[in-house]
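Coordinate-derived values only; no laboratory data. Every value quoted in this text rests on a predicted model; they were computed, and no experiment measured them. Cβ: placed from backbone, ideal geometry, glycine included. Neighbour counts: every protein chain shown.
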Amino acid sequence: MTYQDNIGEMVIAAATKIERITTSTDKAGSIVLATGRGGTGKSTFVALLSRYLKSPLLLLDIDPDQSLAAMLGVDLEAATTTTDIGREVPIKTLSDLTSDIEDEDAFTELAGSPATVKIPLLLQWYTQFHSGRFDLISLGPKWTEGDYRSANFLFEFIIPTIGEQYASILVDSPAGLEHLNRRVVPRIDDLFIIIDPSKKSMAHIERVKKILGQVGTTYRRLFLVGNYEFDTEAEQYLESTGETYLGKMDYDADLKRYNLVGKSLLDLPEDAPACRSIRRILERAGYEVS
């Protein structure tokens, strides 16, 4: 990491700390976060869940692989947005914007405004993909040497600064636990842990709960959702754990085909097995599903 990268990260981190102190997520819409081990089907679950959550809806993809956009039929690398002054510009991921800030290019056009003012404006102008159904902001891949700390710092601005504009905020997490340790989402209403039928997934549940407790992230409800690999025996085991198990996502050959050809999962018919199972899961969680 170069000296300039360090300066950029310090500026973003300092601004984020101030933002934590001066703003709150209390006015934001309902925050729903899906987490789990790699390959369990988190992004599939989030994409299907987005069909039924109350709008206006904000989708936040903090997985650098940005699978969620692809599952929604969105090509972020080709997408554009229009700024407040009517300029059409390419959509930026948070990682793209981080590089611009570290190079000071993004700050130049905002003159002497403090970072706590500049960063939310840059997020608003450049990172939001708008569709008729949802808005989407993606962490995206980092194309240069280094980690994702600065991009994660940027992510922390999103919910406090624009969260109140949305009825629902749906977060697709990366695999693993680091995002929970970093407390990038300080408050969660509904936490969905997506699991496969393995001992590692069972251990993951307890690790998620312990980390959230240690770092002070609150959640209102915690739900377990099985992927399509679950059989009756595995489901019975989950139901005996004392956690709220909502059921499994059913196997759907069309869903697999849609993913292969890059077609949006929102185009699946309502009677598709995957959609029926998601509606059933949400109803068990107490959601109103039309």
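Site pair Y251 and D189 shows an inter-label distance of 3.5 nm when each label is modelled 7 Å from Cα along Cα→Cβ.
Enclosing the Cα atoms of the chain in their convex hull gives a volume equal to 134 cubic angstrom per residue.
With the contact rule set at Cα under 8 Å and sequence spacing of 6 or more, what percent relative contact order holds for the stretch 181-260?
Working: 89 pairs, mean separation 26.1, N = 80.
33 percent.
Simple spin-label estimate for R87 and Y237 gives 5.6 nm between the two label positions (7 Å along the Cα-to-Cβ direction from each Cα). Basic side chains Lys and Arg get +1 at the Cβ, acidic Asp and Glu get -1 at the Cβ, and with that the dipole of the chain about its Cα centre reaches some 900 debye. Relative contact order of the stretch 217-270: what whole-number percent is it, with Cα pairs under 8 angstrom and at least 6 residues apart? Once normalised by length, the contact order is 34 percent.
Within the stretch 143-196, the chymotrypsin sites (Phe, Trp or Tyr not before Pro) that combine a DSSP coil assignment with at most 15 other C-beta atoms in a 10 angstrom radius are W143.
Between I278, I85, I194, the Gaussian network model of the chain with springs among Cα atoms under 10 angstrom shows the greatest mean-square fluctuation at I85.
So what is Rg over Rh here for the stretch 134-290, counting just Cα atoms and using Kirkwood for Rh? Before the final figure, lay out each step's value.
Working: Rg = 17.1 Å, Rh = 17.8 Å.
On the Cα set of the stretch 134-290, Rg over Rh gives 0.97.
With unit charges on the beta carbon (Lys/Arg positive, Asp/Glu negative), name the residue among S198, Q236, C275 whose Cα is farthest towards the positive pole of the charge dipole of the stretch 172-279. It is S198, whose Cα lies furthest towards the positive end. For the stretch 46-99, the set of trypsin sites (Lys or Arg not before Pro) satisfying both a DSSP loop assignment and a count of at most 11 other C-beta atoms within 10 Å is given as R87.
Normalised by the number of residues in the chain, the mean separation of alpha-carbon contacts (under 8 Å, six or more apart) gives a relative contact order of 28 percent. Among S131, S95, the order by Cβ neighbours within 10 angstrom, fewest to most, reads S131, S95.
Were the residues from S264 through K54 laid out at 0.36 nm apart, the gain over their Cα-Cα distance would be 73.7 nm. Between the stretch 39-83 and the stretch 231-272, the alpha-carbon centres lie 17 Å apart. Calculated mean residue ellipticity at 222 nm for the chain: -12500 deg cm²/dmol, from DSSP H runs with n ≥ 4 weighted as -39500 (n - 2.57), summed, divided by the residue count and rounded to 500.
A straight Cα-to-Cα reach below 26 Å connects K118 with the lysines K17, K27, K92, K142, residues fewer than 8 places away in its own chain not being considered.
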